[in-house]
Structure formats: C-alpha cells, structure tokens
Amino acid sequence: MALPAVLPVGVPAALPISPQRLDASVQEFGRVGALPGGGVARLALTDADRAGRDLLVARMRALGLSVSVDAIGNIFGTRAGDGGTQGTVMVGSHIDTVSTGGLYDGTFGVLAGLEVVATLNDMGARTRHPITIAAFTNEEGARFQPDMLGSLVFAGGLALDEALALRDADGAVLGDELRRIGYAGQDRGPADMTAYFELHIEQGPVLEREGVQIGVVSGVQGISWHEITVRGRSAHAGTTPMAMRHDAGHAAARIVCGAHDMARTLGPDQLVATGYTRLTPNLVNVIAQEAVFTVDLRNPDNAALQQADAALLGIAQDVATQTGTDVTCRTLARFDPVAFDPACVNAVEHTARALGYSTRRLHSGAGHDAQMIARIAPSAMIFVPSVGGISHNVREFTALDDLVRGTVVLARLVADHAGATPA
Ligand code: HGY
Ligand code: MN
Ligand code: MN
C-alpha cells in the first residue's frame, strides 16, 4: 500500500505518543513475574503468564477495546473502525518470556500497540478500519515446543487439537494449562486483515553497532530445533574399564562438538546452540545411562539449513556407533525462512525515513509471530536497538528514546493503514 502523500488534516506526521506512559507500561509489566536480580520469568501458561494476561486484558478494556480470546489463548483487543470489521490493521507480539527474560522481548510490541491506541483515543481520532492488538500464546517455545505456537495455530499452520495435546518437560498438557489459567477461549481473532506490523527489539548487535535507529526487517531466518536422546548404560565410574563403557554423557558431548564443527564448515550464517541437557541419573560417580539435549540450528538459507539438519543426524549416528549407544532425534520446530510483504516492508522504511529516523534493512535472527501471520496477511516488522545486542537475558535493555521512536513509526503505520481521521 502506498502511503498517503497528504496527511489528513489534524493527524500530525508523528502522532503524539507519551514516552512517560509507555515507560510506565514497560515498568508495570516488568513487575509481573519479576526476578529478584532484575528481568522477568513468565513462561507460557504459568501463573506469571496468567498475571500478565490479566493485566493486559484490564489495560485493553480501560482503553475501550473489545477483548476476545481464541481457543489457543491468543488475546485480541480491537478498536472499532467506522467502516465495519473489514480490513483490520493488526499489531502485537507476545507477553510470555523465557525464564531469564528481559522487559522488552515481545512485551514491548504489545505495549506499544496499547500506546498507539491510547494516543488515538487522546486525539479523538477515528479510523476507517478496525485496529487490533494481539498477544500470541507461547511465542517463546521455552516451555512448549514449537515456538510461535499461538500465531502458528491462528495462521492455520498447526491443528488446534495437536497444539492442545503438547506436553512440557514435566508432562503437563498445554490444553490443561490453558484451562487452568482461564484462557481457553471460544472467540475468534480478526478474519480480514489489511496488514500486520510487529514492533520488536532487535535482540542482536547490528543496529547499535552501526548507530542506526530503526531496523526495517525484510524477513526471518530458518529455524530448526532438534531434541536428541542418547541411551547408554549406567555403570560405576571407578570400576568399569573404558572399553566397556556406553557413556551417554560422553556421546552427547561429542555430538554437540560435532554440530559446532559442522556449523563452521557451512559458513558464518550457520548458527548452532545447545539449550538444555538432561543426564540420567545425573550423579558424579555414575556413567550416564541417558542424555536428552537440544540442538538449535538457524540459517537464512533454507538449503544450507537442510544440509545442517542432515549433517547433524549423521553425526549423531556416527557417535552412537563409536560409543556403543543408541540415539533418537525428535524435531521440536522446523520453520523455513520467511520474506515479509514487500509493500509493508517499504512502508516501514518510508515511514521511518519520513519521520527523520535512520534505517537499515536486515533479516531477523530470532523467530517472531510475524513470520506466522505472514502466511495469512501482509506483514512486516520494525526493530529498535538492543543495548549490547543482549536478549534472552535479564540484562536486556533498550533506551526509552529508542522505544519511543519505534512506537512513533508503528503509530504512523497504523494511522495510515487504518485510515485515521481527526474527531
Ligand atoms: O527462538 C526464538 O527465536 C524466539 O525467541 N522464539
Ligand atoms: Mn520475541
Ligand atoms: Mn524471545
């Protein structure tokens, strides 16, 4: 969509969002699931997540939004348009966090949406199309896999009953947890969307390193999560000759090192990480009988990512043979790279530049709900800098000025695409 050359009279280029109100929102949500040393832990569908959801619903209602919750627990707050329910402009992100979360990952995009609506309300502005703020369930995938679960189900990429049957590491069932916290909804989210814009912190070092104010996100790289289980044989660490050992802990370590060596051969775009490792019986003097661990592979090039997937499975098999263990691999998530809608990406870039902000295009290293919504609506993302490129860490930080700039860009995009007019 081309942006209006002439702004409607009474709708300023930079909508007057309130930095104080935005900062207060961020600090308020930072107290929900707050960790003693700073940061937050609101793992999906825990009591802390419920508290965040309850606060969000209350804030949406206070802004006069109509709130709906769908069957996977996605929350939608909608500001009606004059022209009926067609052509909704949706913004949003997620409010669940990893267990070492910061104040901004996901939550900032949802709170910026609230700030845009609050500003339009202050202005008495009307819009031709509805505006919906979305908070999607279990974006992080830290407790239930895959990640971006709520937006994936909303976009039709995963059957609801399959999602509801997912279990966490302790065996808790997603559907039971959703009912337990009171967010197993009956509603449906917006059916007809003009565009989806997600404002998010970059979570990497690029914008800060280059001194750029706004990231124009062209797309999201491919993601491949593997859970590998190695079965060996527990034995005494002091009496068992090395040649007789079937050491699952040793095999797991060799697979992880093999994965890192393999990634290096595929070039700097191939990323690899091991997030969790569980050994059984996990005792200092017992050779591990079982190791369960994850390997997170990412690459903007899908062919290279497929090559990495295949290579990882080969490494696991070879190590199993060499260590006399058994290995099985389970895919926890596999998403191809996604390119965002060119017109929406151009609108982000044009708007940010028209507002006088410096920009640069980049793809996202992290997964986001936008990559799922892109399946059903023209979508794009706006990044603001992360200090030190740190995220998924309680030290995550983005300066208020940067939060404000991102929110002003979001507000302009919403005003233009929803057809804002003064009272
Ligand atoms: O894993 C990711 O990239 C996202 O934080 N869920
Ligand atoms: Mn996020
Ligand atoms: Mn995250």
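Structure notes:
- Using 0.36 nm per residue and subtracting the Cα-Cα separation, the extra length available between Gln20 and Gln86 on full extension is 20.5 nm.
- Cα long-axis angle, helix 248-265 against the chain (0 to 90 degrees, to the nearest 10): 50 degrees
- Note, ³J(HN,Hα) from phi for the stretch 294-311, Karplus 6.51, -1.76, 1.60, rounded to Hz, x at Gly and Pro: 10, 10, 9, 10, 9, 6, x, 9, 5, 5, 5, 5, 5, 5, 5, 4, 5, 5
- Between Gln306 and Asp326, the contour length at 0.36 nm per residue exceeds the alpha carbon distance by 4.9 nm.
- Stretch gain in nm, segment Ala243-Ala51, where the contour uses 0.36 nm per residue and the Cα spacing is subtracted: 63.7 nm
- Residues of the stretch 80-98 with amide N under 20 Å of the 7 Å Cα→Cβ point at Asp170: 96-98
- Summarising the strand pairing of the chain, around 70 percent of its internal DSSP beta bridges are antiparallel.
- In this structure the amide hydrogen of Ala333, modeled in the peptide plane, comes within under 5 Å of the amide hydrogens of Trp225, none closer than 5 places in sequence on its chain.
- Per residue solvent-accessible surface (Å²) - the stretch 334-417, probe of 1.4 Å: 34 Å²
- Reported to the nearest whole Å, the Cα centre-to-centre distance from the stretch 314-391 to the stretch 45-81 is 26.
- Per residue accessible area in Å² of the stretch 171-284, where ligands, DNA and RNA are left out and the probe is 1.4 Å: 48 Å²
- Only protein heavy atoms count here; under a 1.4 Å probe, Val98 has an accessible surface of about 20 Å².
- For the chain, the mean residue ellipticity at 222 nm estimated from helices alone is -10500 deg cm²/dmol, where every DSSP H run of n ≥ 4 contributes -39500 (n - 2.57) and the total is divided by all residues, rounded to the nearest 500.
- Separation of alpha-carbon centers, the stretch 243-299 and the stretch 128-202, rounded to whole Å: 30 Å
- Estimated D of the chain in µm² per second, where Rh is the Kirkwood radius over Cα pairs and Stokes-Einstein applies at 10 °C, 1.306 mPa s: 71 µm²/s
- Sorting Ser99, Ser386, Ser358 by accessible area puts them as Ser99, Ser358, Ser386; the probe is 1.4 Å, largest comes first, and only protein heavy atoms count.
- Converting phi to 3J(HN,Hα) with the Karplus coefficients 6.51, -1.76 and 1.60 and the offset θ = phi - 60°, the stretch 387-399 yields 5, x, x, 8, 7, 6, 7, 4, 8, 3, 8, 9, 5 Hz in sequence order, with x at every glycine or proline.
- If you sort Arg361, Arg179 by accessible surface, 1.4 Å probe, largest first, the order is Arg179, Arg361.
- Accessible surface of the chain, 1.4 Å probe: 54 percent of it comes from carbon and sulfur atoms.
- ³J(HN,Hα) computed for each position of the stretch 98-105 - Karplus, 6.51 cos²θ - 1.76 cosθ + 1.60, integer Hz, glycine/proline x: 6, 7, 10, x, x, 7, 10, 4
The values are calculated or read from the model by the stated rules, or taken from the named source; none is laboratory data. Source: prediction; values computed, not measured. In this analysis, Cβ positions are derived from the backbone assuming ideal geometry, glycine residues included, and neighbour counts consider all displayed protein chains. SASA here: full protein model, heavy atoms, side chains in, ligands and nucleic acids out. Shrake-Rupley method; radii C 1.70, N 1.55, O 1.52, S 1.80 Å.
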